[in-house]
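A.B. asks: Input: one structure, supplied below.
Read the figures in this text as sums done on the coordinates, not as results from a lab. A quick note: this is a predicted structure, and the numbers were derived from the prediction, not measured. Every residue, glycine among them, receives a Cβ derived from its backbone with ideal geometry; neighbour counts consider all protein chains shown.
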Amino acid sequence: MKILDNVDSAERILVSKGSDNLPCVNEFQAISGIEIPTFRGEELKATSQGREFWLVKGRDIPKYLAKKWGDIGIAGTDVYLEYADSRQVDCQSIGQSMYRFSLLAEPQKVSFVEARLNTDGRYPSYPTSIPTGLPKLLMAAAQGQDLPFQPLEMPISDSVEAAIGLSGVGIGADIVFSGETARQNGLLEVFKLRDIYPAIMMGRDL
């Protein structure tokens, strides 16, 4: 693949500092043989073997790569699908699934979700609007799988679990690791929309 062919020559590598950091770093090191150094304290830059490594927010990595501020970036495929312009940035998934993007629901809403999922010709007739922090990812999953859900017009930056209750909708779409956060907030994982993988990204030469 083009991206993997360019890893060895990368001099500036951007690393997500989010919850995807550890699995992405582990998979990248295994596939590339390049060791990512430890960032000390609050430092965002580390150098090793003639390379610069920068710890940045995952959602910013596609923008930085498009501007050529880095040679390659390491983050989850959800970052690419939600925040990247595919005309400017390429992406190659690596390794095994590290978490998932799923529909969550309050217990009393589970039967409603399941009924909608089991109805033929579900989308786009009368889709249910639900809170999510990843609206592009939700729309892509809904359209790709003919699902009757769409994001609320109001963007949610964090705490989708809270928005599910506060909105009164009782349903939402969010990233799920172990499912413990959902359980502690009285929510059930009803349906997996997409697996999320570690990924290497690179800006295109336009």
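A.B. asks: Given the stretch 81-147, report the % of alpha carbon pairs whose separation exceeds 16 Å.
C.D. replies: 60
A.B. asks: Count the lysine pairs in the chain whose Cα atoms sit under 27 Å apart, keeping only pairs 8 or more residues apart in sequence or on different chains.
C.D. replies: 28
A.B. asks: Can you figure out the FRET efficiency of M154 with S48, using R₀ = 30 Å and their beta-carbon distance, to the nearest 0.05?
C.D. replies: With a Förster radius of 30 Å, E is 0.10.
A.B. asks: Take E11 and T181, extend 7 Å from each Cα along the Cα→Cβ direction, and tell me the distance between the two endpoints in nm.
C.D. replies: In this crude label model, E11 to T181 measures out at 3.8 nm.
A.B. asks: Over its Cα atoms, what ratio of radius of gyration to 2.2 N^0.38 Å does the chain give?
C.D. replies: Rg over 2.2 N^0.38 Å, computed on Cα atoms: 1.11.
A.B. asks: Within the chain, what's the longest stretch lacking GluC sites (Glu not before Pro) that sit in DSSP loops with no more than 12 other Cβ atoms inside 10 Å?
C.D. replies: The longest such stretch corresponds to 44-152.
A.B. asks: Please label the shape of the stretch 161-200 as rounded, prolate or oblate, based on the square roots a ≥ b ≥ c of the eigenvalues of the alpha-carbon gyration tensor (a/c under 1.5 means rounded; beyond that, a/b larger than b/c means prolate, else oblate).
C.D. replies: Note, shape of the stretch 161-200 comes out prolate.
A.B. asks: Still on this structure, please answer the following. When the helix-only estimate is applied to the chain (DSSP H runs of n ≥ 4, each -39,500 (n - 2.57), divided by the residue count), what is the mean residue ellipticity at 222 nm, nearest 500 deg cm²/dmol?
C.D. replies: Helix contribution divided over all residues of the chain: -7500 deg cm²/dmol.
A.B. asks: May I pose another question? Using a 7 Å offset from Cα along Cα-Cβ at Q96, what residues in the stretch 18-50 end up with backbone N under 18 Å from the label point?
C.D. replies: In the stretch 18-50, the label zone of Q96 (backbone N under 18 Å from the point 7 Å along Cα→Cβ) covers 20-32.
A.B. asks: What residue among I31, I171, I74 shows peak mean-square fluctuation when the chain is described by a Gaussian network model with Cα springs under 10 Å?
C.D. replies: Result: I31 has the largest fluctuation of those listed.
A.B. asks: Hey, another quick one. Roughly what % of Cα-Cα distances in the stretch 124-165 sit above 15 Å, to the whole percent?
C.D. replies: For the stretch 124-165, the fraction of Cα-Cα distances above 15 Å is 37 percent.
A.B. asks: Follow-up question, since we're still on this one. Suppose R0 equals 30 Å; then what is the FRET efficiency for E35 and D205 from their Cβ-Cβ distance, rounded to the nearest 0.05?
C.D. replies: 0.60
A.B. asks: Compute the FRET efficiency between L188 and T128 as 1/(1 + (r/R0)^6), taking r as their Cβ-Cβ distance and R0 = 22 Å, and round to the nearest 0.05.
C.D. replies: Plugging the Cβ-Cβ distance into 1/(1 + (r/R0)^6) gives 0.85.
A.B. asks: Let me ask something else about it. Between the stretch 148-206 and the stretch 2-45, what is the separation of their alpha carbon centroids in Å?
C.D. replies: Comparing the Cα centres of the stretch 148-206 and the stretch 2-45, I get a distance of 25 Å.
A.B. asks: Using only Cα atoms and rounding to the nearest 10 degrees, what angle (0 to 90) does helix 21-32 make with the longest principal axis of the chain?
C.D. replies: Compared with the principal axis, the helix lies near 50 degrees.
A.B. asks: Continuing with this model, one more query. State, as an integer percentage, the relative contact order of the stretch 34-86 based on alpha-carbon contacts under 8 Å between residues 6 or more apart.
C.D. replies: 25
A.B. asks: With the alpha-carbon atoms as the only input, what is the per residue convex hull volume for the stretch 39-108 in Å³?
C.D. replies: 151
A.B. asks: Quick one: compute the contact order of the stretch 73-206, relative version, from alpha carbon pairs under 8 angstrom and 6+ residues apart, as a percent.
C.D. replies: So the answer I get is 47 percent.
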